[in-house]
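Let me begin by presenting the structure, written as structure tokens, before commenting on it.
The values are calculated or read from the model by the stated rules, or taken from the named source; none is laboratory data. This structure is a prediction, so every number in the text was calculated from the model and none was measured. When we count neighbours, we look across all protein chains shown, and the Cβ atoms used for this are built from the backbone with ideal geometry, even at glycine.
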Amino acid sequence: MDVDTFLITVYVLVDTFCQTHLPPEPHRPGPAPALSRSEVLTLAIFGQWMKFSSEQDFYRYAERHLRPYFPTLPHRSQYNRLLRRHQVALAQFALYLADQLGRGPVAVDVLDVAPAPVRNAKRRGRGWLAGEANIGFSLRLGWFAGFRVLTAVSLEGAITGWGVAPASTNERSLAETLIACRAHPDPRLPSVGTPVATYLADSGFAGEDYEAHLAATYGVTLVATPQRGSRRRWPKAVRRWAARHRQIVETVIGRLLHTFGLERERPHTLAGFQARLAARVALHNLCCWLNRQRGRPLLAVANLITW
């Protein structure tokens, strides 16, 4: 797809969703915003491509090339305020696309946690997100300052839910919060998605008592790779099946971190981080949706657009 076709397709999808699934925008005192909700969501999703090295780089591109589509494009600070305002709508659109894609013939979500650094862990001072982000450990990064992002991914590769917590948060606590909010929805956490009966996870989530607790409290089955030294042993065929689908979620997380630049995010507010994370998830699910419409593999994103 060329850029113009992609941009128009995104806007039509977003505008249709906003008109059919969201209430009208509430009236606010003062001048009307320069961009409508549909325009803000379209720009937010489009701006997450790897082509743009930063938010500033994307906005320079928008001012030079996207004026015909967005003639009232405001100053970048106003756009950022509108983006934070429509954070929930971005999350709802991402989950709407996940619903359109479905979970495939087997309704299983694969859970995994990705590190999202927001500053250099060795810098002095408290940073912009003091009290919200903190220090945690990742096998890939070592010690880092930022958040943990829990993602739930279908066996076909669509992101069906996600959540954010400080970097020091235990993986099991993150998973239980997502499962609990799916069972008892909370409007403060719009990104958790819809419930499913079975979850697949790596050994960081494993534990016989923990798995029994989830089954008794929420009625879900957590299938977690046995930890080293555990008495449980999986047959070779089961290990291969789990590893194959674990590779899918790792591909998805790699796309969020690298292709869509989550690891380069340096937010000043938690709302800004959540909004851009929702935009990246929406872009991933949108690419999967477009690939399905065109008969392409769902995760073939690298050559979707000809720049």
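Each row is one residue, and each column tells you yes or no for (1) at negative phi; (2) outside any helix (DSSP H, G or I); (3) small (G, A, S).
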| residue | (1), (2), (3) |
| --- | --- |
| R239 | yes, no, no |
| L256 | yes, no, no |
| H268 | yes, yes, no |
| A275 | yes, no, yes |
| V281 | yes, no, no |
| N285 | yes, no, no |
| W289 | yes, no, no |
| P297 | yes, yes, no |
| A302 | yes, yes, yes |
Only one residue in L129, L150 is farther than 23 Å from R246 by Cβ and surrounded by 18 or more Cβ atoms within 10 Å (Cβ to Cβ), so which one is that? L129
What are the residue pairs meeting all of these: first residue in region 1-19, first residue in contact (Cβ under 8 Å) with a residue 24 or more places away in the chain, second residue among the acidic types (D, E) and in a helix (DSSP H, G or I), Cβ atoms under 8 Å, and 6 or more apart or on different chains? Y11/E39
G163: at positive phi and in contact with a strand residue (DSSP E or B) (Cβ under 8 Å, 6 or more places away or on another chain), yes or no? no
Are any of the residues in region 197-213 in contact (Cβ under 8 Å) with a residue 40 or more places away in the chain, surrounded by fewer than 17 Cβ atoms within 10 Å (Cβ to Cβ) and either more than 19 Å from T169 (Cβ to Cβ) or of a type in the set (V, I, T) (or both)? yes
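For every residue, the table says whether it meets (1) within 20 Å of T306 (Cα to Cα); (2) out of contact with any Lys or Arg (no Cβ under 6 Å at 6 or more places or on another chain); (3) modelled with pLDDT of 90 or more.
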site	(1), (2), (3)
M1	yes, yes, no
P29	no, yes, no
S36	no, yes, yes
S53	yes, yes, no
R60	yes, yes, yes
P71	no, yes, yes
S77	no, yes, yes
One residue is enough: does region 217-235 have a residue meeting the conditions assigned to a loop (DSSP other than H, G, I, E, B) and buried (at least 17 other Cβ atoms within 10 Å of the Cβ)? yes
Against the conditions (1) buried (at least 17 other Cβ atoms within 10 Å of the Cβ); (2) in a helix (DSSP H, G or I); (3) among the aromatic types (F, W, Y), where does W162 fall short? Just the number, please. (2)
Please go through region 82-110 and give me each residue that is under 30 Å from W241 (Cβ atoms) and either free of Cβ contacts under 8 Å to residues at least 24 places away in the same chain or assigned to a helix (DSSP H, G or I) (or both), ordered by number. A94, L95, Y96, L97, A98, D99, Q100, L101, P105
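Restricting to region 139-159, name every residue that is in a strand (DSSP E or B) and among the aliphatic types (A, V, I, L, M).
A145, V149, L150, A152, V153, I159
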